[in-house]
């Protein structure tokens, strides 16, 4: 069973990442001693074992970080130890590995930020639905205008024909009344046609405005790359195409090494220029089958269709080497930045049950690249990995190097 087996709600890979899991499946604890007078209970099912492990990990997480037990902290602990919320898992991992204490206040802020991002995604989905509804209305309005025009033309012909009839004395009053009614109907339908035409133009203008707003919302304005929201839509489309055409598909996270040090030393304006430089280098990979986006902060995400895991790693490693060999200088102070590099984790999307699992695997591989010394590319599942320790280590055991 691998770390992303869809048959379990608890990911052993993430448990190791959090410092919670042990080799439970490989080294089961010894059974309690049984006596002849004590009958054995029913054997624990795999589902019961998974639930017990999750409860144990939640307990260790809360106790290890001295967090109070409450519905809120229990929910957060569950999302972290099971990997149910990858964004929150990553935030917790970065926070703990930085040496900062994990407090309720910090967790609440992290959850709030994640919920705001989720809300933005929901709004984006609603805008897409609105665009579809407006497009459908536009088609309906066009069809109605076409039908009204045709009706007007036919009605006009009939009115002209009635006007040309030489009525006999007995029918003259009836024909004149019918002609008057027909002319009034023609006037009203022409007014309706003009209103439909005006509504059609307004709908087209609204469609253009929504499309412009959507494109603007999907661009990272600092780097010019698509943002995380745009990437998620592209990922879904590319996965569908890759499956339909039986093509390989890989996803990678790339994170600039020691970027905080750049900001602290040279200032945020210089840090922004470094971000743009790396973004431009990665953007050169873009084509119809390769998509690059800024995922947030100093992290980028790359989607490569048509390349297997080894080829995807090679492409990214070449980009990494190109950036690492450049010697960038802060133009404001004429001070060298030092070596600018990035670390990357790459995952074969088809090796995982869904997009979320593939992204999680790429994220884990990125962290392994960081721990291995940075400035390197690591493929998910291609190396031995024992994980981080998010649970604070026992002081009696000493400090890990």
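Can you find a residue that is within 23 Å of residue 230 (Cα to Cα) and in the same structural domain as residue 238 (by TED's automatic domain parsing) anywhere in segment 318-329?
yes
What are the residues in segment 96-114 that are surrounded by 14 or more Cβ atoms within 10 Å (Cβ to Cβ) and closer than 18 Å to residue 295 by Cβ, if any? Don't jump to the end; show me each part of the working.
Our first condition is that a residue be surrounded by 14 or more Cβ atoms within 10 Å (Cβ to Cβ); within segment 96-114, this holds for 96-97, 102, 104, 106-107, 110-111, 114.
Selection gives 110, 114.
If you check 306, 338, 296, which single one turns out to be in contact with a helix residue (DSSP H, G or I) (Cβ under 7 Å, 6 or more places away or on another chain), in the same structural domain as residue 241 (by TED's automatic domain parsing), surrounded by fewer than 19 Cβ atoms within 10 Å (Cβ to Cβ) and on the phi > 0 side of the Ramachandran plot? Steps first, please.
Numbers: 306 fails: in contact with a helix residue (DSSP H, G or I) (Cβ under 7 Å, 6 or more places away or on another chain); 338 fails: in contact with a helix residue (DSSP H, G or I) (Cβ under 7 Å, 6 or more places away or on another chain).
Going through 306, 338, 296 in turn, the sole match is 296.
Given the criterion at pLDDT 50 or above and either more than 24 Å from residue 360 (Cα to Cα) or not assigned by TED's automatic domain parsing to the domain that holds residue 368 (or both), identify the matching residue among 23, 43.
Values: 23 fails: at pLDDT 50 or above.
Sole residue among the options that is at pLDDT 50 or above and either more than 24 Å from residue 360 (Cα to Cα) or not assigned by TED's automatic domain parsing to the domain that holds residue 368 (or both): 43.
In the list 15, 77, which residue meets the criterion of being modelled with pLDDT of 50 or more and under 30 Å from residue 105 (Cα atoms)? Full working, then the answer.
On the way: 15 fails: modelled with pLDDT of 50 or more.
The conditions single out 77.
Return the residue satisfying two criteria in turn: it lies in segment 51-87 and is part of a loop (DSSP other than H, G, I, E, B) and within 22 Å of the chain's Cα centre (by Cα), and of such residues it is surrounded by the most Cβ atoms within 10 Å (Cβ to Cβ).
Per the criteria, the residue is 83.
The values are calculated or read from the model by the stated rules, or taken from the named source; none is laboratory data. Note that the structure is predicted; figures quoted are calculated from it, not measured. Ideal geometry is used to build each Cβ from the backbone, glycine not excepted, and the neighbour counts take in all protein chains shown.
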